Amino acid sequence: MSDAATDLVIHDSFSRTKRPFVPITPGHVGIYVCGPTVYSDTHLGHAKSYVSFDVVVRWLRFTGLRVRHVENITDVGHLVDNSDDGEDKLIRTARLSEVHPLELAEKYARLFFSDMDALGVVRPDISPRATGHILEQQALIRELLARGHAYEVNGSVYYSVASFPEYGRLSGRDTEEGEVGHRVAVRGEKRDPRDFALWKRAEGGHILRWESPWGSGFPGWHIECSAMSCRYLGESFDIHGGGLDNQFPHHECEIAQSRGAGHGFANTWMHNNLVTVEGRKMSKSLGNFTSITQALEKNEADLVRLWVLSTHYRSQVDYSVQGLDALKGALERLRAALRSVSEAVTAAATPAATTDAAFLAEVATAEAAFTAAMNDDFNTPLALGALFDLARVLNTGVARGGLSRAALETGRARFLALGGEVLGVLDAASAAPAGGDAARYVDLLIETRQRLKAAKAFDLADWLRKEIAARGVVLEDTASGPRWRFNA
Ligand SMILES: [Zn+2]
């Protein structure tokens, strides 16, 4: 293996094999993930995709690689019909709500980012928009024309699929209708029904249009990703990610465009599987979607992430309210372990204890299992299993007692690194027994109760104790004074 080799193995959708991941530039990773078409609410299908790739990026960074994560915003050219017919999705929705298409794009792009922020998805390093990269797209189309991969008809430019024999290799399909080799009738301006638009002539009244060597028009949907990935990651880059539903035709077309222009393009293709509802794909067009905003009204973000990560990114995950509820206990077990070890750290003795070595070895074993799972094509269900093992190690260590503060702090730090920094399902604040604003007021109430008792106002002190308990605080009077915690 070369110097650039990592311990990571990734399933490449193009070769359909798991392969050791070797970055093009040692120590660096360029990753492009297809972003949203911003014309409607984001739903849990998007959560599956973007939380999965969030963890991919987090893990790459955690292992010490420097990552540039590029994820586009589609704000032009994504037509209602994949066969290059019908209206632009943005323009249609904007027309119906009587706003400019880019007002609509701005509204839904902001909503997308606020949903992703709420889900703890780390923002991409670059979020290029299709409308901001018209020149790059035109340059790529000129290159494809010069190389004989494209032809112009009446102010539109189409990709000639016959000129690129590899078309269909990624998805095993080359038409909307079926598998490679299937032929359908030629429609309209295309020479071959498989051909797709690189540039479309703008008809009268079309709002989003730009001048071009072929007249006034707008880019096809697929060309933006070829143009913008090249602009920010170079002609060859490490990983291209996206949803399985975009494998055909979108990614197939991206490959034809970029490789047709002589670029190496993506070394590794990663596809996340879909969210289903009772076995059917969750999608805007099927009307069976739960928006991320709706999901987060009822569930904590940590729980939604735990639900996504409980299934491997290449497997389908079925959505149900009961399915999410069933994970609440699991999330609480992680938080309880964090609370317990945090309290133990505060109370522990400082000198090293004889029991430390055994405890630290168990922590290391759980972390090694976690690392092995993540390095095996980002196997988050197995990694979560290792995280729960680590929670048990912490609980057992705390219950046994006698550990030094340093050992407990190490266990706590490793737990937060794996559960928080990598998977993003655990953080010190959401599990905190004390600290923060609420805790200061609880402290004040308990201090008030102590003063009432000292002043022999026992009725009032008892009343306050009940009121404190009714607000979810467990209060114990110990020899060294009152101790309290929030009821889990
Ligand atoms: Zn794309």
Based on Cα positions only, what radius of gyration and what Dmax would you give for the chain, in angstroms? 27.5, 95
When TYR158, TYR32, TYR319 are ranked with the fewest other C-beta atoms within 10 Å first, the list becomes TYR319, TYR158, TYR32
Can you tell which of ALA439, ALA358, VAL425 lies farthest toward the positive end of the dipole of segment 356-467, using +1 and -1 charges on the Cβ of basic and acidic side chains (Lys, Arg; Asp, Glu)? ALA439
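How large is the charge dipole for segment 328-431, taken about the Cα centre, if only the Cβ atoms of Lys, Arg (+1) and Asp, Glu (-1) carry charge, to the nearest 20 debye? Intermediate values should be presented prior to the final figure.
Working: 9 positive and 11 negative charges, 79 e Å.
It works out to roughly 380 debye.
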Along the charge dipole of the chain, Cβ charges K/R +1 and D/E -1, which of HIS28, HIS100, GLY215 sits furthest on the positive end? HIS28
Less than 19 Å apart at the alpha-carbon level, and either on another chain or at least 8 residues along: which aspartates and glutamates does that give for LYS281? ASP41, ASP81, GLU176, GLU177, ASP245, ASP318
Taking H as built 1.01 Å from N, whose amide H comes closer than 5 Å to the amide H of VAL67, not counting residues under 5 places away? VAL29
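With Cβ to Cβ distances under 11 Å as the rule, what net charge do the other residues near GLY424 carry (K, R +1; D, E -1)? Spell out each step's value before the answer.
Working: positive: ARG58, ARG305; negative: ASP54, ASP302, GLU421, ASP427.
Summing Lys and Arg as +1 and Asp and Glu as -1 gives -2.
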Pair ILE126, GLU166: separation of 7 Å Cα→Cβ label points (nm): 2.2 nm
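In debye, nearest 20: dipole of the chain around its Cα centre with unit charges on the Cβ of K, R (+) and D, E (-)?
1020 debye
Out of segment 38-104, which GluC sites (Glu not before Pro) are coil in DSSP terms and have no more than 10 other C-beta atoms within 10 Å?
Values: sites: GLU71, GLU87, GLU98, GLU103; in loops: GLU87, GLU98.
Loop-located and lightly packed - GLU98.
Just subtract the alpha-carbon distance of ASP325 and ASN288 from 0.36 nm times their residue separation and send over the number in nm, one decimal. Kindly include the intermediate steps, with their values, before the conclusion.
Working: separation 37, 0.36 × 37 = 13.32 nm, distance 1.94 nm.
Going from the current span to full extension adds 11.4 nm.
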Between ARG400 and ARG280, what is 0.36 nm times their sequence separation minus the Cα-Cα distance? Round to one decimal in nm. 38.3 nm
If you rank MET270, MET374 by fewest surrounding Cβ atoms within 10 Å, what's the result? MET270, MET374
Using the Karplus equation 6.51 cos²θ - 1.76 cosθ + 1.60 (θ = phi - 60°), what ³J(HN,Hα) coupling, rounded to whole Hz, does each residue of segment 256-267 give in order, writing x for Gly and Pro? 4, 5, 5, 6, x, 7, x, 7, x, 6, 6, 6
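Given only helices, namely DSSP H runs of n ≥ 4 each adding -39500 (n - 2.57), what is the per-residue ellipticity at 222 nm of the chain, to the nearest 500 deg cm²/dmol? Let's see the in-between values first.
Working: 16 runs with 208 residues, N = 488.
Helices in the chain give a 222 nm mean residue ellipticity of -13500 deg cm²/dmol.
List the relative contact order of segment 9-322 as a percent without decimals, with contacts defined as Cα pairs under 8 Å and 6+ residues apart.
Working: 551 pairs, mean separation 74.4, N = 314.
Normalised by residue count, the contact order of segment 9-322 is 24 percent.
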Positive-end residue, the chain charge dipole about Cα centroid, Cβ charges, pick of ALA301, ALA330, LEU119: ALA330
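All of the numbers you see were taken from the coordinates with simple rules; none came from a lab. For clarity, every value in this text was computed on a predicted model and none was experimentally measured. Cβ coordinates were reconstructed from backbone atoms using ideal geometry, including for glycine residues, and neighbour counts include every protein chain displayed.
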